[in-house]
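The values are calculated or read from the model by the stated rules, or taken from the named source; none is laboratory data. Computed from a predicted model, the values in this text were never measured in an experiment. Here the Cβ is made from the backbone with ideal geometry for all residues, glycine too, and neighbour counts use every protein chain on show.
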Amino acid sequence: MKPNVQYPYHKNVQDLAANSDALIPCCTLTDETYHVVNKDVMTALGKDSIIVNIGRGALIDEKELIISAFYLIRLAKVKLYGKVFSIGSRVAKRLEAFGCSIPYNSRKMKPNVQYPYHKNVQDLAANSDVLIPCCTLTNETYHVVNEDVMTALGKDSIIVNVGRGALIDEKELKWWRFFEEKCYLYQFYKVPKFNEYMQENQLYRKVHGYLNSLPGVEDSDFTNLYSGNKSTEINLVLDSNQVVLDDFLGARLYWMNEETSSKSLILKIRKKDKRRILVPYLQHIHTVFDGIEQKRKEVRLFVNVETELLRNGRWRSIPFTHPATMDTVVMDTDLKNKIKSDLENFLKSKQYYHRLGRVWKRSFLLYGPSGTGKSTFIAAIAKFLHYDVYEFDLNKIAGDSDLKFLMLQTSNKSLIVIEDLDRYLNAKSTTVSFPGISNFMDGIFSCCGEERVMVFTMNSKENIDPTIIRPGRVDVHIHFPLCDFSGFKILASSHLGLKDHKLFPQVEEIFQIGASLSPAEIGEIMISNRTSPSRAIKTVISALHSNNASRVARRLCGSGSGRGSEELDCKSGLFCRENNNPMKELKNLYGFLRNKSSRKTSIDFDAAERENQNPNPNPNPSAHADC
Ligand SMILES: Nc1ncnc2c1ncn2[C@@H]1O[C@H](COP(=O)(O)OP(=O)(O)OP(=O)(O)O)[C@@H](O)[C@H]1O
């Protein structure tokens, strides 16, 4: 180590190479330095690096260089031997191989040189990124690279002086600054694990989590594997002194895991990039880490309790372990994908909502008969977003202000759920008023947190005041229908492992004459008969027949007895709307008349506005997904 040299010292060439982009061997050739740039050094130097050898050729193990050609190490070899006048053309010849354009300056323009000629060095410098003085030292060339030339060359340029030192005006203060800037290319930042009081540095935790998620860790030759919080989770963790590369906004960043007496992460960043990217890069690390944490954290289900338990807070929570996911919910695939991308867009839209002056929230209405999967879908959304679920039990809420109070106690990034809202709104006496609920949905209190998804469920939206589901209060309407033949096939595939069966045409026929059951009912039959798929399908067929028979019988008698969900369906008009002709129903019963199923999936993004006949459509129209 040289005591009066300020530059960072590396005890061996390999270590030096690992911390450099360009390696310039400037040593004499001895037994010790023969092939000093060997395979290990080239590997440490890595891809896209440069070796500028201004010493003897044998400093480099050229055989290895050929073997390492796949590393794309670029070699610009400048040999200081032979007649001095040949140096410039030798350098040019090699640079040409790299596709560089090579302007030059000389006392006179050389007639057999093709490169662009500049009549003075300043002009040449102004048109170059790299200046390579290759001239002999004379009175004329003494300090030829002076302050004016450096200024013309500009900030982010490089000088590779293969001539005598005095070609450059080293006394110039500006030059020294410039020299330092150019030769000491990198800035280093240390992120220690502990601060001076031995408290954990939160930035270290975040950077560590971020780095371990980078594909570079996975791709590297060596890394550690640790089990995670969940039994199946495996985490990749950086090894000591492992270097990981990252790219951000066009800049290359190097991270090293330094495990000396105290652990630290070292960031190496080009000086020229540091001002442009350091702050946004650290913000990017925060955002990515928060996303990782959000996915890792346990999702919890919160339920509100009676007012008397106020001292302990009004929300009680348990881990939310519902097994439903977007994959297990039986739903039209296009509609499901549409909802997934709607949710994904929502997550990315913070700036967009803020720019519009809107609260960053999205509201969904799930409506349809009982047992069609509304609650299951809520669980799937929570899993998909990794959001906690706050289920508001309106019957345990004392009044409008109590509802606001509970809302204030919910956290960001959560799913706010009210189930069976229609039933509550249609009840004779309620503690929370209609305006109280409307304000909850889009009033000033709904903006007390951010990144919220609100979900309301109803069996039917027929008998409720349309203002409660107007755009803004509800952005997306999703209809959950009773099962049709395509839904049946999905259930048969997931519950019985059947893609096709000889009884399928019979099932399709009975669906076509209007019989239907909820996915819950069909799923239950399949689960109980899962050991015999044929028996399961036969049981579904007879259940559909009896459903159809009782449906027609009820219509013929005008009575309302039957299954609970059918009563709700009738009440909401889902079937009553179709026809009231008893003869026709009889024909349906015996399969004489085969209607096409009316429960086909449809997605209508404008229907919310049409339905609500909003004279001033919202500037960000709500989605309406009816299936
Ligand atoms: N579309 C579906 N996809 C997957 N499973 C379903 C679906 N519909 C119903 N199920 C199954 O049926 C059962 C009842 O479903 P769920 O409680 O989600 O229905 P719901 O529409 O919320 O009913 P309710 O209106 O009575 O609350 C669940 O166990 C669920 O697994």
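So for the range 295-316 (the condition being surrounded by 17 or more Cβ atoms within 10 Å (Cβ to Cβ), at pLDDT 90 or above and out of contact with any Asp or Glu (no Cβ under 9 Å at 6 or more places or on another chain)), does at least one residue qualify?
No, the range 295-316 contains no residue that is surrounded by 17 or more Cβ atoms within 10 Å (Cβ to Cβ), at pLDDT 90 or above and out of contact with any Asp or Glu (no Cβ under 9 Å at 6 or more places or on another chain).
Can you say whether VAL432 is part of a loop (DSSP other than H, G, I, E, B), at pLDDT 90 or above and among the β-branched types (Val, Ile, Thr), as far as the supplied structure shows?
Taking the combined requirement at face value, the residue satisfies it.
Within the range 509-525, which residues are in a helix (DSSP H, G or I), over 39 Å from the mean Cα position of the chain (by Cα) and touching a residue at least 24 places away in the same chain (Cβ under 8 Å)?
GLU509, ILE510, PHE511, GLN512, listed by residue number.
Criterion first (among the β-branched types (Val, Ile, Thr) and more than 30 Å from ASP402 (Cα to Cα)) does ILE490 satisfy it?
yes
Report yes if some residue within the range 411-425 is away from the ligand (no atom under 15 Å from the Cβ), in contact with a Ser or Thr (Cβ under 7 Å, 6 or more places away or on another chain) and either in contact (Cβ under 8 Å) with a residue 40 or more places away in the chain or assigned to a loop (DSSP other than H, G, I, E, B) (or both); otherwise report no.
no
Quick check: is even one residue across the range 394-401 within 16 Å of the ligand (Cβ to nearest atom) and either part of a helix (DSSP H, G or I) or not hydroxyl-bearing (Ser, Thr, Tyr) (or both)?
Yes, some residue in the range 394-401 is within 16 Å of the ligand (Cβ to nearest atom) and either part of a helix (DSSP H, G or I) or not hydroxyl-bearing (Ser, Thr, Tyr) (or both).
In the range 324-388, which helices (runs of 4 or more DSSP H) lie fully inside it and hold 3 or more residues that are within 16 Å of the ligand (Cβ to nearest atom)?
333-347, 374-385
Consider only pairs whose beta carbons are under 6 Å apart and that are at least six residues apart or on different chains; among these, list those whose first residue lies in the range 1-21 and is farther than 19 Å from HIS35 by Cβ and whose second residue is among the aliphatic types (A, V, I, L, M).
Close Cβ pairs satisfying both conditions: TYR9/MET1.
Out of the residues in the range 483-508 that are in contact with a Lys or Arg (Cβ under 7 Å, 6 or more places away or on another chain) and in a helix (DSSP H, G or I), state the one that is farthest from the ligand (Cβ to nearest atom).
LEU496
Output the qualifying pairs, or none if there are none: Cβ atoms under 9 angstrom, residues six or more apart or on different chains, first residue in the range 26-54 and crowded, with 17+ Cβ neighbours inside 10 Å, second residue aromatic (Phe, Trp, Tyr).
Here the result reads MET42/TYR71; THR43/TYR71; LEU45/TYR71; GLY46/TYR71; SER49/TYR71, each pair linking the range 26-54 to a residue that is aromatic (Phe, Trp, Tyr).
Quick one: would you say GLU344 is surrounded by fewer than 19 Cβ atoms within 10 Å (Cβ to Cβ), under 30 Å from ILE522 (Cβ atoms) and at pLDDT 90 or above?
no
With the structure loaded, tell me whether PRO103 is modelled with pLDDT of 80 or more, touching a Gly at 6+ places or on another chain (Cβ under 6 Å) and surrounded by 12 or more Cβ atoms within 10 Å (Cβ to Cβ) or whether it fails that test.
no
For THR457, which of the numbered conditions (1) part of a loop (DSSP other than H, G, I, E, B); (2) surrounded by 20 or more Cβ atoms within 10 Å (Cβ to Cβ) fails to hold?
(1) is the only condition that THR457 fails.
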